[in-house]
Amino acid sequence: MSLTVIAEDFINEENSIQKEIYDSIDKNENIIFNAGAGAGKTYALIESLKYIINNYGSKLQKHNQKVVCITYTNVAVDEIKERLGYSDVADVSTIHEKLWSFIRQHQKELLIVHTNKIKADLQELIRNLNENEDVEIEKTYRTYRNLSAELQASFKDYIIDKKDVFYKAYSRNASGFRGAFNGELECYENILKSVANFKKVVSTIYKIENYKYCLQKIEEKDDDYTAVRYDSKFNSDILHKMLFSHDTLIEYAFEMVKKYDLLKQIIGDCHPFILIDEYQDTSPRVIEIMQLLSAHSLKINHNLFIGYFGDKAQNIYDDGVGSNITSLHSGLRNIKKRFNRRSTSEVISVINKIRADEIEQESIYEDCTGGSVKFYHSQAVNKKEEIDAFVSKYVDEWNINNDKKLHCLVLTNKLIAELSGFAELYSIFSGSQYYKKNFQYINTELLSNDLGKLGVVPSVLYQIIKLKILLENPKTPLTTLLSKEVYSSLSFAELKVLLQQLKLITGDNLNTFLYSIFNLYALGDNNVKKVIHEVIGLDKEKLSYDAFFGYVLDQLNPNLDYEDKTEYNSEKEKLEALFALDIEEYERWYNFINDRQDSEVIYHTYHGTKGIEFNNVIIIMENSFGRDKRKFLNYFSDVIDPSGLGDDAKCKFENTKNLLYVSCSRAIKNLRVLYLDDISTFTAGVEHVFGETHNYTSS
Amino acid sequence: MHLKSLSITNFRKFQNENNTVYFVASGTRRIENAEQSNDNNIASATTLIVGKNNSGKTTITKALEKLIDDGNKVLGNDFNFLYLNRLLDKYSILELEELPILSFKLVVCISKDDLVTNVDDFISLGSATSDELTELEISVKYHIKEVELFKTKVSKLVEKKYPIKLAFKKFLELIDKTDFKIKYYGLDGKKAKNSKFKISNLIEMKLISANKNLHATNLSSVFNRIIKNRYESESASSDLETLVADIDNINEKITAGISATHNGLVNDVLKKVESSDHLEVELSSDLTFDKLMNNLIKHEYSEFGLSIPENQFGLGYTNLMNIIGEIIEYVEKYPLDGVQSKINLICIEEPETFMHPQMQESFIKFIDDAVKHLLEASVNKKINSQLIITTHSSHILNSKIHSSNSFDNINYIALEKGKSSIVRLDDIAVSGDEVFDDEGEESESDYHKRKSNELKFLKKHIKFKVSELFFADAVIFVEGITEDTLLNYYIDQNDALNKYYISICNINGAHGLVYLPLIKLLKIPTLIITDLDIQRSPDEKKALSQVTCVKDKKTTNTTIHKFNSKNESIKDIVGYFTEGNLRGVFQKDQVEGYYATSFEEAFILQNYDNDILNKVLSKTKPEIYKDIVGKVALNQDRSQLKVNSFKLQKKLSGSKSDFANNLLYEFIVRDEGEELPVLPQYIQAGLFWLGFKVAESLSVGESQ
């Protein structure tokens, strides 16, 4: 067995690198620790945590301080906790959880930030409604603007009164929608000329009303409006309900830290050591927050150590800071590690070629050979069949079974959806107006393992499927399903009745399931209503089948032209098809998101494999990735000498490079690449990275 | 809501096996068997924890107290030492993975009217949809707070290579200094999400500990509290107002009196020292409701028409009154609200203190009557408490068995190789795990009837045997008066056995078998001395012939039948029978060439040449003795006794008691040099085994 014997001088060198980190900890000197894939970054991080606990633990305990370790997902949090052993002094959490804990105590200040945000948003809405001269915006609101001031006012009153009618009719076609108002809108001239614009006008009016109402309540110090809450479940804010989501959380935290020196001191004093895992994927705002904390601690001469652990070459999220970190937080001591503790030398030499920067890895093991890397290409027409054949070839060759799984990284969203059993779902989503326009988002918004990154519609559907799965599992803890508010006054018998009612929610497809939910919502008692409201997390008006359908239709097709019957019908039919999908397809998607696939071959997106390693890896690749039809083609064409690329091309090249680097570096032993396009124009580039190329034909 | 069971792991006396105590549900439960039913609600709803001294009874109440206390503090001696020792062994070879953890598992039953707010974290959808009662599991674990720091300290400790005892002491000290943290786990070991969960919110326990110093005014204070509660309860709010108004009046009156006479005087004096602008005192009466209540009740016993003050009364009565007083207080304090979100435990520790045996026998009945009466008096209250009594009194145990007419809900704590283990007794376990054999001769209804009769017999019969069985170090079952009389003497002489409390039960034949399941449960080393009972044909009996070969013989002994899988043939018997803590011995080997059928015969064969035996035989059966050995004193042939051993035993059968008593008499009065008869070989072997077993069961196991 290879990868067991560590070379002695290498271990010494590794130890001395670790000592450099300890030295910085002792000197309170902020560091950035860079190491390639498989270098044992997490090991270095955990050893650093242990060092802090062992040397500063009693002091931290005495002052009730914590060492904070921020990492990217709950899975990663659990892994670090597990490897560290239980500790009260070490606080391991995700960035959102941590930021929320930083600011949640300070509701008074948070309320100010929140109020400002609403005020700013409100101003923008009012400007859009009345005066923004932007061509598109002017067009949308023109009919409204053309009304006299008097008519505008009466229109507002009328439409606010008709909220129910509006949402009920929302998803109907243009004439059906118009019909819902019984001609009562005729006095407002052309207001219904374009249903799409009308809806925007009305939605804007509703929003303005909501915001105004909310501001007024805040002003009045109404009991329900004294505290703002972060809700990690959904990916959109409901500001007027005093709820906000991930992105806004980071924004609020930044605003508050920037504004209040005392808050900087509190955070720093309570957490004199902050270690950040995978810094490259952290939002630049977070780095700014850290920089502010660090600068303030220097100013008041309190100790604060900040350590970033990561690898700029593994920056795979667009919103991650990547190599920009040094411009946001300067003066970091750079510590590098050149060893690889994961892979065989065969794999290492390939990933070094991809990486091609100052970190050239070397295996720490003496017995590091014995792996293999092979690049196959095929021009088969039926790609799915070709992949199946290729995968089953290796299932046999590598004796794959349930204890020894084969991991396939699929660099095409469509393919991964197909292979994981939710092709239909994927294809409808990707065919929606929103994802056609924002195709680059579909990978994270529909396929991400990080729930925080799911899109608005996927996130709501996720919660609905989760409800189904929770209800079906007798082991589901009560507190996962219900909030304390719901059950605290119920006797056990009443609780059973509530659960029995909830269990009435069933359905073979999403449609029947949704009907069953909304039916129960309409008929059920207050407790049932509360539960359903909590699950779906939308305004009460939207909790009917029609309104929900309309909401989703609107979200997936933000610019739907309701006048255009063909377009309207086509999008409506697409959504109907989405809702008609078998519920099992949704469950497969749910399991994929939760990384719970239970087969001997497991398919991943490249995002989903961060930080993990597999003995045997197959990467399925083709020219196109996302909407970029030439992504890998361009990459391999430029890889031998990327120096002449322009800024834009350079940026794309880096992005592709990181993607390929993360994917290939997952392999411990064997790596296979199957490229499903003609490579003849860039064979040299491929061979530069992978060596000899092989032609693959399944037949 | 009630507590169904508590499992205690690595805490004090308990390790990770046989560590579950079962509690009976709260409230009234009628005994299923209508024939035996009575209105005794408390007796059958009381959980009894019995065991010898130092067996771990207190560990159970301590565990409950620790859980309810919610504190994070864990000391070295909270842990089971054997467990710690094993850990230290691992640490010394630098295996640091396993960390010391104290854990407790509670199983809680919820019924339909209960609120779930205190157990929300532990309910799953499945548990909330099943029928009437729902069981929840709550695990409470005390984890080390800073694992990394602990490991570093432990490695430093073992590096020093202290001698074993010192290392252990240092290890205990290290644990004393280590911080622990409580964590709660629910279903499938999932950690509870609600960080605010506390056992003290879920369980309320009233611990009545009779051993706590009964000082003179103990009872008065209990009654004071009761009366205070009465006043403070909602229903009496108008009474309280009146009383408070009265107190105010009194204060006013006294204050008026004091200021008239004393204030002036005191202030005059003060004025001389300091200007009164700065300093002036005002004296006033300060009687308050609390003060009044705390000294309100004088408690006297009435005896022969005379009032006897509390401190002159017998401790036993004081103790009983104290317990009853505490229970009254508990009931009084109990909220009227019918909704339950808590478990209520009343735990009475060793109530037998200072009570004479008859009072102990009636104890359960006393408590029962008291609580029943209290419940009748407060109709609105739906008391939902579980009563737990720990005791080492055989009388209280008896009382429990007989007033509830059942072995149910008794937790017996046995000590085995230094490990405490909890044995859960109930009627089914006590009557044995034998299943109905549908191929046997017995019909099913006969089987059930026999079983129920056996149980009935056991319940009645055990009354006289309780202390022998439950609190002995070892038990010997014998089948006759001779063994019963003589064994005590021999055991007294036996250095391996005489330091233990060994009870000898003389139970004839098949009746002894009824005890076997119970004995097995109790885990007490038990020796059954039975007889080979060789079946002889009427002719053989008549001829009084000796048995030299058992190849074709059968035994009539039911005990041997049972152990020999119902096989009667003697040649199939392999040896003595051993089943766990039980061993059965009998005359399996020849003595002096003959097979003995009974103890007496074996005893005679073994000691035919012994002076004492000869003396006793000639005294008990002079004619027969002379017949056998010869009439002339100087020319007697004692070896004839061997050849006529069966005849002798037959002739002795009517006067076994005389024979035994005569022997015992001679044993006691024997001269210095006179040789004592020896026990038959099979009994010697049995006693040797017993000595070994009892020593093993009472040893601390692996040494520290």
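The values are calculated or read from the model by the stated rules, or taken from the named source; none is laboratory data. Nothing here was measured: the structure is a model prediction, and the numbers come from that model. Here the Cβ is made from the backbone with ideal geometry for all residues, glycine too, and neighbour counts use every protein chain on show. Calculation scope for accessible area: heavy atoms of the full protein, side chains included, ligands and nucleic acids excluded. Shrake-Rupley method; radii C 1.70, N 1.55, O 1.52, S 1.80 Å.
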| message | With a 1.4 Å probe and all protein chains kept in place, how much accessible area does A:His246 have, in Å² rounded to the nearest 10? | response | 10 Å²
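Relative contact order for chain A: what percent, with Cα pairs under 8 Å and sequence separation of 6 or more?
Values: 1027 pairs, mean separation 140.2, N = 699.
The normalised contact order for chain A reaches 20 percent.
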| field | Quarter of the Cα convex hull surface for region A:636-699, i.e. its orientation-mean projected area (nm²) | value | 5.3 nm²
| remark: Here the relative contact order (percent) of chain B, from C-alpha pairs under 8 Å and at least 6 apart, is 14 percent
| said: Show me, for region A:50-62, the HN-Hα J-couplings you get by feeding each phi into the Karplus relation (A = 6.51, B = -1.76, C = 1.60, θ = phi - 60°), rounded to Hz, glycine and proline as x. | reply: 4, 4, 5, 4, 5, 9, 10, x, 5, 5, 4, 4, 4
| query | Which whole-number value in Å³ per residue fits the convex hull of the alpha carbons of region A:449-513? | reply | 114 Å³
| query | Considering the protein assembly as shown, what Rg and Dmax in Å follow from its alpha-carbon atoms? | reply | 43.2, 151
| Rel. contact order, % - alpha carbon contacts under 8 angstrom, at least six apart, region B:42-134 | 17 percent
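Step through the table entries A:Lys610/B:Lys153; B:Lys156/B:Lys177; A:Lys19/A:Lys62; A:Lys241/B:Lys198, compare each Cα-Cα distance with 24 Å, and write down the pairs that go over it. Could you put the intermediate results ahead of the total?
Details: A:Lys610/B:Lys153 35 Å; B:Lys156/B:Lys177 15 Å; A:Lys19/A:Lys62 26 Å; A:Lys241/B:Lys198 32 Å.
Beyond 24 Å between Cα atoms: A:Lys610/B:Lys153; A:Lys19/A:Lys62; A:Lys241/B:Lys198.
Calculate the all-directions average of the projected area of region A:292-370's alpha-carbon convex hull, and give it in nm².
On the way: hull surface 28.3 nm².
Its Cα hull, projected and averaged over all orientations, spans 7.1 nm².
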| request: Note down the accessible area of A:Arg588, probe 1.4 Å, to the nearest 10 Å². | output: 100 Å²
| message | Using only the alpha-carbon atoms, what does region A:199-352 span along each of its principal axes? Please give whole angstrom values in decreasing order. | response | 64, 45, 24
| task | Set Lys and Arg Cβ to +1 and Asp and Glu Cβ to -1, take the dipole of region A:279-322 about its Cα centre, and tell me which of A:Leu292, A:Gln314, A:Gln280 lies farthest positive. | result | A:Leu292
| Largest-first principal axis extents, alpha carbons of region A:127-242, Å | 42, 29, 26
| Kirkwood Rh, angstrom, chain B [1 / mean 1/r, Cα pairs] | 31.0 Å
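When you look at the Cβ of every residue in B:144-157, what mean number of other chain Cβ atoms sits within 10 Å? The partial results should precede the final answer.
Working: counts 4, 6, 12, 8, 14, 9, 3, 3, 5, 1, 0, 0, 0, 0.
The shielding value for this peptide is 5.
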| Lys/Arg Cβ at +1, Asp/Glu Cβ at -1, dipole of chain A taken about the Cα centre: which of A:Asn402, A:Asn616, A:Asn303 is farthest positive-ward? | A:Asn303
| remark: Over chain A, the sum of -39500 (n - 2.57) across DSSP H runs of at least four, divided by residue number and rounded to 500 deg cm²/dmol, gives at 222 nm -17000 deg cm²/dmol
| remark: Projected onto the charge dipole of region B:472-698 (unit charges on the beta-carbon of Lys, Arg, Asp and Glu, signs +1, +1, -1, -1), the Cα from B:Leu664, B:Val547, B:Thr620 with the largest positive-side position is that of B:Val547
| Once you treat every alpha carbon in region A:20-172 as an equal point and sum by Debye, what is log10 I(q)/I(0) at q = 0.17 Å⁻¹? | -1.10
| request: May I ask you to work out the translational diffusion coefficient for region B:472-698 at 37 °C, viscosity 0.692 mPa s, via Stokes-Einstein with Rh from the Kirkwood sum over Cα pairs, reported in whole µm²/s? | output: 180 µm²/s
| said: From the protein chains alone at 1.4 Å, what is the descending order of accessible area for A:His114, A:His240, B:His392, largest first? | reply: B:His392, A:His240, A:His114
| message | Quick check on my link table: of A:Lys98/A:Lys437; B:Lys141/B:Lys342; A:Lys312/A:Lys374; A:Lys404/A:Lys574, which ones sit more than 31 Å apart, alpha carbon to alpha carbon? | response | A:Lys98/A:Lys437; A:Lys404/A:Lys574
| task | Let me know the charge dipole size of region A:457-574 about its Cα centre in debye, to the nearest 20, where only the beta-carbon of Lys, Arg (+1) and Asp, Glu (-1) is charged. | result | 740 debye
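For region B:522-586, how big is Rg over Rh, using alpha carbon atoms and the Kirkwood form of Rh? Mind showing how you got there, number by number?
Numbers: Rg = 13.6 Å, Rh = 12.9 Å.
Taking Rh as the inverse mean 1/r over Cα pairs, Rg/Rh reads 1.05.
If packing is taken as the average number of other Cβ atoms within 10 Å across a peptide's residues, how do B:326-332, A:222-228 rank, most packed first? Don't skip to the answer; put the middle values down first.
Values: B:326-332: 20.1, A:222-228: 14.0.
Taking the mean over residues of other Cβ atoms within 10 Å, the ranking is B:326-332, A:222-228.
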| How do B:Tyr317, A:Tyr22, A:Tyr144 stack up against each other in accessible area, from largest to smallest, with a 1.4 angstrom probe? | B:Tyr317, A:Tyr22, A:Tyr144
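Determine the equivalent ellipsoid of region B:91-160 by diagonalising the alpha-carbon gyration tensor, then write out the semi-axes as square roots of 5 times the eigenvalues, largest first, rounded to whole Å. Numbers along the way, then the final one.
Working: eigenvalues 346, 22, 15 Å².
Result for region B:91-160: semi-axes of 42, 11, 9 Å.
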| Translational D (Stokes-Einstein, µm²/s) of region A:147-192 at 10 °C and 1.306 mPa s when Rh comes from the Kirkwood sum over C-alpha pairs? | 143 µm²/s
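If packing is taken as the mean number of other Cβ atoms within 10 Å per residue, what is the order of A:575-581, A:327-333, highest first?
Taking the mean over residues of other Cβ atoms within 10 Å, the ranking is A:575-581, A:327-333.
With viscosity set to 0.692 mPa s at 37 °C, what whole-number translational diffusion coefficient in µm²/s follows for region B:492-543 from Stokes-Einstein and a Kirkwood radius over Cα pairs? Walk me through the intermediate numbers first.
On the way: Rh = 14.2 Å.
Stokes-Einstein gives a translational diffusion coefficient of 231 µm²/s.
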| message | Which residues does the label zone of B:Lys551 cover in region B:567-608, counting backbone N under 14 Å from a point 7 Å along Cα→Cβ? | response | B:570-572
| query | From the cross-link list B:Lys151/B:Lys191; A:Lys108/A:Lys259; A:Lys453/A:Lys631, which pairs have alpha carbons spaced over 20 Å apart? | reply | B:Lys151/B:Lys191; A:Lys453/A:Lys631
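How many percent of Cα pairs in region B:541-649 exceed 18 Å? Don't skip to the end; give the middle numbers.
On the way: 3187 of 5886 pairs.
Considering region B:541-649, 54 percent of its Cα-Cα pairs are separated by more than 18 Å.
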| query | Considering the Cα trace of chain A, what is its radius of gyration and what is Dmax, both in angstroms? | reply | 27.7, 88
